[in-house]
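One structure is given here, and the rest of the page talks about it.
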Protein chains: 2
Amino acid sequence: MRSAGKLTVIGTGPGNPDQMTPEAAHAIEQATDFYGYAPYLDRLELRPGQTRHASDNREELDRAGAALTRAAEGGEVCVVSGGDPGVFAMAAAICEAVDNGPDEWRAVDISVLPGITAMLAVAARVGAPLGHDFCAISLSDNLKPWELIEKRLAAAASAGFVMAFYNPISRSRPWQLGKAFDCLRAILPGETVVVFGRAAGRPDEHIEITTLADADPTSADMATCIIVGSSETRVVERLDLPPLVYTPRFAEVST
Amino acid sequence: MRSAGKLTVIGTGPGNPDQMTPEAAHAIEQATDFYGYAPYLDRLELRPGQTRHASDNREELDRAGAALTRAAEGGEVCVVSGGDPGVFAMAAAICEAVDNGPDEWRAVDISVLPGITAMLAVAARVGAPLGHDFCAISLSDNLKPWELIEKRLAAAASAGFVMAFYNPISRSRPWQLGKAFDCLRAILPGETVVVFGRAAGRPDEHIEITTLADADPTSADMATCIIVGSSETRVVERLDLPPLVYTPRFAEVST
């Protein structure tokens, strides 16, 4: 039996309101109850009668359960992620909660609306580093063992994928990014291009283009997405304009 | 010396106008000359005085050169991709043209504006299959050798990445998708979840959820993005509602 309520999972994009889709904006207008990490909810301009339910960023599954409960009661619920809700964000937590939760959660009408995820925003600011085969890896070992992350880094680097790192560093995970760079230095040349993209598209944006040899983990914080090029990724220097970073559409066999 | 003109590379998103960012819509309003594959230009509502320069989808580098030439002459140029312009699309072709072109192209003020790429739109329609580490692979062997594609498929599958396939099939590339499924069947279990997402978000959308054992390459066409799950990817069946497909945020070590 379908319940009266509805749950929509949206992504605000990287934080610049001009990078949120009209579809997401429309969902925000329709909803009555908003669940999310407080800084993402702060990006919304809510009307009187629209209710914020802010929570900490470590509480995804509890938040998902609260949102599903409200929707199963008949609420018009909006679950808010930054970026795209399907990339290391709330859409998976909602599905996981439905999978393991009470039957009434399976009757909630759930929609996921895509958004601009951080790696696309960072890539756009420097050119087209994701112009060829690439992967996205979360460096958080809260939910998977570190050895699995190292295995994926090695597999991706060896096969010539460009890589985007999410969740690179936090107070409770201070060493992971440095260790990831060390793993990659054993496989990729030191001149491999690395881009640190912090808060892309927002007023406090900071973009740094460097190399794997020089990449300094302390350049990153929780709001940073890092792109590590393949051996094909190139930097085009320009006069009076920032360089362009791109990965060519063609590739040779790497061995 | 910076030239008078400007070149903006935009992505329309998957084709639903509500999934194009306001930033891209604003760039369209400002520009005078539009370069792109004809079906993508057809998505725009241009004013009198705004000029279409449509070309075939195989002609990226010629199109990039024509757009850069017009911008270097002082034009307000918009280069139009579907999806995100940085993912197997025009941003890399523009950078490549600048890299190898005349000096005056290096003086063009180039901006890339991100868009909703197909894999995010398809993922959203079924739940959160990209909820954990994933990669994007073009199956076109026009610009890279097929053996490199097989190497990447094997590396990604063995390391537990979810995969999204772009450019899966075309009249001139009829066998590649079937071969890719065969490669993966040697590594991944037959019950691995596969999603065919055609024209996500458009009126002619067609989504099919199947397994690797049953995946039929003829279910795909040029407008299809295919997501192949990892061994962790799950399907949640629901009564009276379509199933949810998701990859959990946590993972065990796969060996």
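The values are calculated or read from the model by the stated rules, or taken from the named source; none is laboratory data. Treat the numbers as computed from the prediction; the structure is a model and nothing was measured. Please note: Cβ atoms are built from the backbone with ideal geometry, for glycine as well, and neighbour counts cover all protein chains shown.
All of B:29, B:73 fail the test of being of a type in the set (Asp, Glu), surrounded by fewer than 18 Cβ atoms within 10 Å (Cβ to Cβ), touching a Gly at 6+ places or on another chain (Cβ under 8 Å) and in the same structural domain as residue B:107 (by TED's automatic domain parsing), apart from B:73.
Picking from residues in segment A:70-105 that are assigned to a helix (DSSP H, G or I) and β-branched (Val, Ile, Thr), the one that is nearest to the other protein chains (Cβ to nearest Cβ) is A:98. Applying a threshold of 8 Å to beta carbon distances and a minimum spacing of six or more residues, or different chains, the list of pairs starting in segment B:106-124 at a residue that is more than 7 Å from every other protein chain (Cβ to nearest Cβ) and ending at one that is of a type in the set (D, E, K, R) and crowded, with 24+ Cβ neighbours inside 10 Å reads B:115/B:84. Restricting segment B:133-159 to residues that are more than 7 Å from every other protein chain (Cβ to nearest Cβ) and not hydrophobic (A, V, I, L, M, F, W, C), the residue that is nearest to residue B:229 (Cα to Cα) is B:150.
Looking across segment A:199-242, the residues that are within 11 Å of chain B (Cβ to nearest Cβ) and in a strand (DSSP E or B) come down to A:227, A:234, A:235, A:236.
Within segment B:117-157, take every residue that is among the small types (Gly, Ala, Ser) and under 16 Å from the mean Cα position of the chain (by Cα) and give me the one that is farthest from residue A:111 (Cα to Cα). Walk me through how you get there before you give the answer.
To start, the set of residues in segment B:117-157 that are among the small types (Gly, Ala, Ser) comprises B:118, B:121, B:123-124, B:127-128, B:131, B:136, B:138, B:140, B:154-157.
Within this subset, residues satisfying the condition of being under 16 Å from the mean Cα position of the chain (by Cα) are B:118, B:121, B:123-124, B:136, B:138, B:140.
On the way: B:118: 17, B:121: 12, B:123: 11, B:124: 8, B:136: 23, B:138: 28, B:140: 32 Å.
This residue is B:140.
If you go through segment A:28-49 and keep only what is assigned to a loop (DSSP other than H, G, I, E, B) and either of a type outside the set (S, T, N, Q) or out of contact with any Asp or Glu (no Cβ under 8 Å at 6 or more places or on another chain) (or both), you end up with A:31, A:42, A:43, A:44, A:45, A:46, A:47, A:48, A:49. The residues of segment B:50-62 that are modelled with pLDDT under 95 and part of a loop (DSSP other than H, G, I, E, B), listed by number, are B:56, B:57, B:58, B:59. Number of residues in segment A:131-157 that are among the small types (Gly, Ala, Ser), farther than 30 Å from residue B:97 by Cα and part of a loop (DSSP other than H, G, I, E, B): the value is 1.
Of A:189, A:168, which residue is modelled with pLDDT of 95 or more, crowded, with 22+ Cβ neighbours inside 10 Å, assigned to a loop (DSSP other than H, G, I, E, B) and away from chain B (no Cβ under 13 Å)?
Working: A:189 fails: crowded, with 22+ Cβ neighbours inside 10 Å.
Answer to the check: A:168.
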